[in-house]
Amino acid sequence: MTTVETRVQAPAPEAVPPRSAARSAVRSSLPIVGALVGFVAVWYAVTYLVLPAKQRFLLPPPHQVYGEAFSNPQLMGPMMEALARSFAVALVGLAIAVVLGISYAVVMSQWSWAEKVLYPYAVILQTIPILALVPLIGIWLGYSFLARVAVCVIIALFPMVANTLFGLQSASAAAHDLFTLNKATRWQRLTKLQFPAAVPSIFTGLRNAAGLSVIGAIVGDYFFQQGAPGIGGLLRVYTQRLQMEALLTSVTLTALFGVVIFTIFAVLDRAVVGRWYGRVAR
């Protein structure tokens, strides 16, 4: 007697046609393009319809601003170098803030008395105006790279502490009871329960801290007038000299710089959190 085996093959996933992928990309980019077109239209309207002819030097039209700036290598060269310095400051400050923030939150999550003692210091550091601390930082650390990094760390630290602590404390009581019944150590509870539960909150803190680190780099460059200037130092110089084309171009590059930093961590958030927690793409 012959046995006949019947194999049922699962249907192969349908390949996404290139045209559908292109249409999806176009649809996702339409809001961004529309916002940019609207911004440029408002800019032209203010320049030509709101400002008198004698005051148009305060807000030149976009074609004049970017045309003169990007066609002048003597202007764009120092501007790109300054932007690279600010990028290095923001990146180092963000890395230090992430390490310190997560470590600070882990300590507070393990002992209730540590949270009561340490959390008020984080709140105080957040509520003190950074402009009041900048002169002290300059006096204590000088006006070099280290002082600028310190400003970034101070600004970006609290979001990492608050979001990480919230995530570490978000594991359910039932899960904690299960680990207690299995006699899990404190390290096992932290690495296998609390940290996986805290991943979405940690990435939320990363996105916020990334944007704030860019602000810290610009603030430090703006007020520390010694050493090689960053993009914030050039903003101050252009403002004092009323170089509107250079000022508006540097502001645009600064905004793009912040958007790029935020987008990098937003993509990482979707890749990691979406893969771990099955987030549905929209």
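The values are calculated or read from the model by the stated rules, or taken from the named source; none is laboratory data. Since the structure is predicted, the reported quantities are computational estimates derived from the model, not experimental observations. Virtual Cβ from ideal backbone geometry, glycine too; neighbours counted across all protein chains shown. Note: areas computed on protein heavy atoms with side chains; ligands, DNA, RNA excluded. Shrake-Rupley method; radii C 1.70, N 1.55, O 1.52, S 1.80 Å.
For the range 141-234, report the translational diffusion coefficient in µm²/s to the nearest whole number, using Stokes-Einstein at 20 °C, 1.002 mPa s, and a Kirkwood Rh over Cα pairs.
Once the numbers are plugged in, D ends up at 140 µm²/s.
What FRET efficiency, computed as 1/(1 + (r/R0)^6) with R0 = 45 Å and r the Cβ-Cβ distance, is obtained for MET80 and VAL199, rounded to the nearest 0.05?
0.80
Rounded to whole Å and sorted largest first, what semi-axes of the equivalent ellipsoid does the C-alpha gyration tensor of the chain yield via the square root of 5 times each eigenvalue? Could you put the intermediate results ahead of the total?
Values: eigenvalues 381, 221, 45 Å².
Calculated on Cα positions only, the semi-axes equal 44, 33, 15 Å.
Using a probe radius of 1.4 Å on heavy atoms only, what accessible surface per residue do you get for the chain? Whole Å² is fine.
On the way: 17480 Å² over 282 residues.
That works out to 62 Å² for each residue.
Charges on Cβ only, +1 for Lys and Arg, -1 for Asp and Glu, centred on the Cα centroid of the chain; of ILE124, MET244, VAL89, which one is farthest towards the dipole's positive end?
ILE124
Project the alpha carbons of the range 90-187 onto their principal axes and report the range along each, largest first, in whole Å.
In descending order, the Cα extents are 55, 24, 17 Å.
In nm, give the distance between the simple-model label positions of VAL46 and ALA95, each being 7 Å from the Cα along the Cα-to-Cβ direction.
Each label point is offset 7 Å from its Cα along the Cβ direction, giving 3.8 nm.
Given R₀ = 51 Å, FRET efficiency for ALA174-HIS63 by Cβ-Cβ distance, to 0.05? Could you put the intermediate results ahead of the total?
Working: r = 62 Å, r/R0 = 1.22.
Computed FRET efficiency for ALA174 and HIS63: 0.25.
Given the peptides 111-119, 48-56, 160-168, arrange them by the average over their residues of other C-beta atoms within 10 Å, most packed first.
So the order, starting with the most tightly packed, is 160-168, 111-119, 48-56.
Could you please state how large a percent of the accessible area of the chain is carbon and sulfur, counting protein chains only and using a 1.4 Å probe?
On the way: 11950 of 17480 Å².
Whole-percent figure for carbon plus sulfur exposure: 68.
Under 8 Å for C-alpha pairs, at least 6 residues apart: give me the relative contact order for the chain, rounded to a whole percent.
Working: 279 pairs, mean separation 63.9, N = 282.
Dividing the mean separation by the residue count of the chain yields 23 percent.
At 7 Å along the Cα-to-beta-carbon direction for both GLN240 and ALA228, put a label point, then send me their distance in nm to one decimal.
Result: 2.1 nm between the two label points.
Picking from GLN188, GLN126, GLN243, which is most flexible by a Gaussian network model of the chain using Cα springs under 10 Å?
It is GLN188.
Taking 0.36 nm per residue of separation and subtracting the Cα-Cα distance, what length does fully extending VAL260 through LEU133 add? Walk me through the numbers on the way to the answer.
Details: separation 127, 0.36 × 127 = 45.72 nm, distance 2.77 nm.
Result for the pair: 43.0 nm of gain on full extension.
Where in the range 182-217 is the amide nitrogen less than 19 Å from a point lying 7 Å along the Cα-to-Cβ axis of VAL272?
190-214
Looking at the chain, do any whole DSSP H helices span at least 24 angstrom along their long axis by alpha carbon and average 0.5 or above on Kyte-Doolittle, and which?
On the way: long enough: 18-45 (39 Å, 0.85); 73-110 (55 Å, 1.40); 145-168 (33 Å, 2.10); 195-223 (40 Å, 1.08); 244-277 (48 Å, 1.41).
Result, helices passing both filters: 18-45, 73-110, 145-168, 195-223, 244-277.
Taking every pair of distinct Cα atoms and averaging 1/r, then inverting, what Kirkwood hydrodynamic radius in Å comes out for the range 179-276?
Details: mean 1/r = 0.0610 Å⁻¹.
About 16.4 Å, per the Kirkwood formula over Cα pairs.
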